[in-house]
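Quick note: the coordinates plus some simple rules give every number you see, no bench work behind them. Computed from a prediction, not measured in an experiment: that's the story for all the values here. In this analysis, Cβ positions are derived from the backbone assuming ideal geometry, glycine residues included, and neighbour counts consider all displayed protein chains.
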2 protein chains.
Amino acid sequence: MSLAESLRRVVQELDEAGGVAIVGMDGIVVEEQKRDPRIDLQTLGAEFSGLFRSAGKLAESVEFGEVSELMTSAERSVVILRRVTAEYFLVLVIHPDGNLGKARFLLRRAGSQLKMEL
Amino acid sequence: MSLAESLRRVVQELDEAGGVAIVGMDGIVVEEQKRDPRIDLQTLGAEFSGLFRSAGKLAESVEFGEVSELMTSAERSVVILRRVTAEYFLVLVIHPDGNLGKARFLLRRAGSQLKMEL
């Protein structure tokens, strides 16, 4: 399955998903799929990569080990980041009323598929 | 209900909870309840308050509004932060195999109770 197909499946199976992207730890988007065209995944990828790196350093410093996921719930959107490899992570933007359990499951599945491709 | 009682209920109703604390946005712990005595909630409160503030600034900058919750899943622990007021947040440490849905529900409930007291 291609990168684009793996991402498309997440958006297709999650009604409330605004968009999903695979992003380098440097913040650069490799591939993206959107339902809501207003969502700027390039900007979100760049901004949230910094937060993901900060969370990673923090978790290591308190001996919690590697961070696999970071979820930020805000008024108008929830952003879930999921580590795929040391170099790449997934970013999913979803409506706050969306099914977060399903979102996390779909991201985990996509992450396992993408790991083979990256 | 006192601050300590509200926190005790969270730990009592959640088997996999290591500890929970109410923390000022400056990182200072106001009250805490632990199941696992090895968990240093003072250090975690101080460290994670910075991450919570960063997430808040980031969400505002991309116009997602106020951050209500931040969840960091690492190998050995999951940390859930929940905003209570502009000055205080809750921090919950839970085992990665724990019931995160229930954890989020209990934190939301405790947050509503604590809001009256703070």
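Report the percentage of all Cα-Cα pairs in the protein assembly as shown whose separation exceeds 32 Å, rounded to a whole percent.
Above the 32 Å cut-off, the protein assembly as shown has 17 percent of its Cα pairs.
Dipole size in debye (nearest 20) for chain A around its Cα centre, Lys and Arg Cβ +1, Asp and Glu Cβ -1?
Using only the charged Cβ atoms, the result is roughly 220 debye.
So who's got an amide H within less than 5 Å of the one on B:E16, skipping anything under 5 residues away but keeping other chains? H placed 1.01 Å off N, in plane.
Hits under the 5 Å cutoff: B:N99.
Report the residue of chain A with the smallest Cβ-to-axis distance, using the rotation axis that brings A onto B, in whole Å.
For chain A, the closest residue to the axis carrying it onto B is A:M71, 2.
For B:51-61, what's the mean count of beta carbons from other chains sitting within 10 Å of each residue's beta carbon?
What the average comes to for B:51-61 is 4.
Size of the dipole of the protein assembly as shown about the Cα centre, Lys and Arg at +1 and Asp and Glu at -1 on the beta carbon, nothing else charged, in debye to 20?
420 debye
How far apart are the A:V30 label points across copies, placing each 7 Å from Cα toward Cβ, in nm, shortest first?
Label-point separations across copies, in nm and ascending: 4.4.
What does the structure give for B:92-98 when I average, per residue, the other chain Cβ atoms found within 10 Å of the residue Cβ?
1
Provide the net charge surrounding B:P96, with neighbours chosen by a C-beta distance below 9 Å and charges set as Lys +1, Arg +1, Asp -1, Glu -1.
Taking every Cβ under 9 Å from that of B:P96, the sum is -2.
Quantify how strongly other chains surround peptide A:75-84 by giving the mean number of their Cβ atoms within 10 Å of each of its Cβ atoms.
Mean number of neighbouring Cβ atoms from other chains: 3.
Which ³J(HN,Hα) values, rounded to whole Hz and listed in residue order, are derived for the stretch B:10-26 from phi using the Karplus coefficients 6.51, -1.76 and 1.60 in 6.51 cos²θ - 1.76 cosθ + 1.60 with θ = phi - 60°, glycine and proline given as x?
Calculated HN-Hα couplings, in order: 4, 5, 5, 8, 10, 4, 8, 6, x, x, 9, 9, 9, 10, x, 4, 7 Hz.
Give the nm distances, rounded to one decimal, from A:R109 to the matching residue in every other copy, measuring between label points 7 Å along Cα toward the beta carbon; shortest first.
Its label point is 3.1 nm from the equivalent points in the other copies.
Report, please, the projected area of chain B averaged over directions, based on the convex hull of its C-alpha atoms, in nm².
With the hull built on Cα positions only, its mean projection is 6.8 nm².
What residues have an amide H closer than 5 Å to that of A:V84, excluding those fewer than 5 places away on the same chain, when H is modeled at 1.01 Å from N in the peptide plane?
A:F89, A:L90
Cross-link list A:K57/A:K115; A:K57/B:K57; A:K102/B:K57; A:K57/A:K102; A:K57/B:K115: which exceed 25 angstrom alpha carbon to alpha carbon?
A:K102/B:K57; A:K57/A:K102; A:K57/B:K115
Of the options A:I22, A:L114, A:L70, report the single residue whose Cα projects farthest towards the positive end of the charge dipole of the stretch A:3-117 (beta-carbon charges: Lys, Arg +1; Asp, Glu -1).
Sorting the options by dipole projection puts first A:L114.
Whole angstrom only: what separates the Cα centroid of the stretch B:75-106 from the Cα centroid of the stretch A:1-74?
The distance from the Cα centre of the stretch B:75-106 to that of the stretch A:1-74 comes to 21 Å.
Plugging the Kirkwood radius over Cα pairs into Stokes-Einstein for the stretch A:53-93, at a temperature of 20 °C and a viscosity of 1.002 mPa s, what D comes out in µm²/s?
195 µm²/s
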